Amino acid sequence: MSTTLSYGYKKPVTGDKGSVFYPDLEFDIQRLNDHNHDGSNSAILTSTSVTSVVQTVTNAGWAAVSGQPGTYKHNVTMSAGIAFDTHAIQIRNNSTKEMLYLSVTKTGTNAFDVYINDNTIALQVMYTS
C-alpha cells in the first residue's frame with residue numbers, strides 16, 4: 001500500500017508487492033513526464049526561479065572571417081560564474097535592443113565566438129539559467 005505525496009506521486013512502502021510497486025512506478029514516471037510546474041501537479045516556478053546576467057560586447061574587436069567576405073566574428077569571454085553549457089544566450093543590438101539571431105560557436109567552458117555581418121554594432125548578451 002503506497003503513500004500518496006503532496007503532488008500526487010506515490011511513494012512505495014516496505015513490503016509492497018510487484019502488483020502494487022510497478023503500477024505505482026509507472027504512474028509516477030507518467031506524472032513526471034506530464035508535469036508543468038503549475039502548482040497542482042508539481043511545485044510552481046516563479047520568476048525568482050530564473051536568473052539572468054547581462055553583458056555588453058563593444059563593437060571594438062570584430063575580426064573579419066577568412067574566406068567569408070562581409071562576415072565578422074568576436075570572441076566573447078562570458079561574465080564570471082557563467083558557463084556556455086548551462087546558460088541560454090540571447091543577443092540584442094545594444095543600441096536598439098532589437099533581438100539578433102546570430103550564430104555562436106563554443107570556444108571554451110565560458111567563451112564563444114559570435115558571428116555578424118556588420119562590425120559596427122555593439123551587442124547586449126543575456127545569459128539565462
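Miscellaneous remarks
- Residue within the stretch 85-99 that is closer than 19 Å to Ser129 by Cα, in contact (Cβ under 8 Å) with a residue 60 or more places away in the chain and not aromatic (Phe, Trp, Tyr) present: no
- Scanning the stretch 97-114 for residues that are within 18 Å of Thr56 (Cβ to Cβ) and either touching a Lys or Arg at 6+ places or on another chain (Cβ under 9 Å) or not in a strand (DSSP E or B) (or both) gives Lys97, Glu98, Met99, Leu100, Leu102, Asn110, Phe112, Asp113, Val114.
- Subset of the stretch 30-62 (residues that are of a type in the set (Gly, Ala, Ser) and in contact (Cβ under 8 Å) with a residue 12 or more places away in the chain): Ser40, Ser42, Ala43, Ser52, Gly61
- Complete set of residues in the stretch 84-128 that are touching a strand residue (DSSP E or B) at 6+ places or on another chain (Cβ under 7 Å), of a type in the set (Ser, Thr, Tyr) and at pLDDT 95 or above: Ser103, Thr105, Thr107, Tyr115, Tyr127
- The stretch 25-44, residues that are surrounded by 10 or more Cβ atoms within 10 Å (Cβ to Cβ), in a helix (DSSP H, G or I) and out of contact with any Phe, Trp or Tyr (no Cβ under 7 Å at 6 or more places or on another chain): Leu25, Glu26, Phe27, Ile29, Gln30, Leu32
The values are calculated or read from the model by the stated rules, or taken from the named source; none is laboratory data. The model shown is predicted, which means the values in this text are computed figures rather than measured ones. Here the Cβ is made from the backbone with ideal geometry for all residues, glycine too, and neighbour counts use every protein chain on show.
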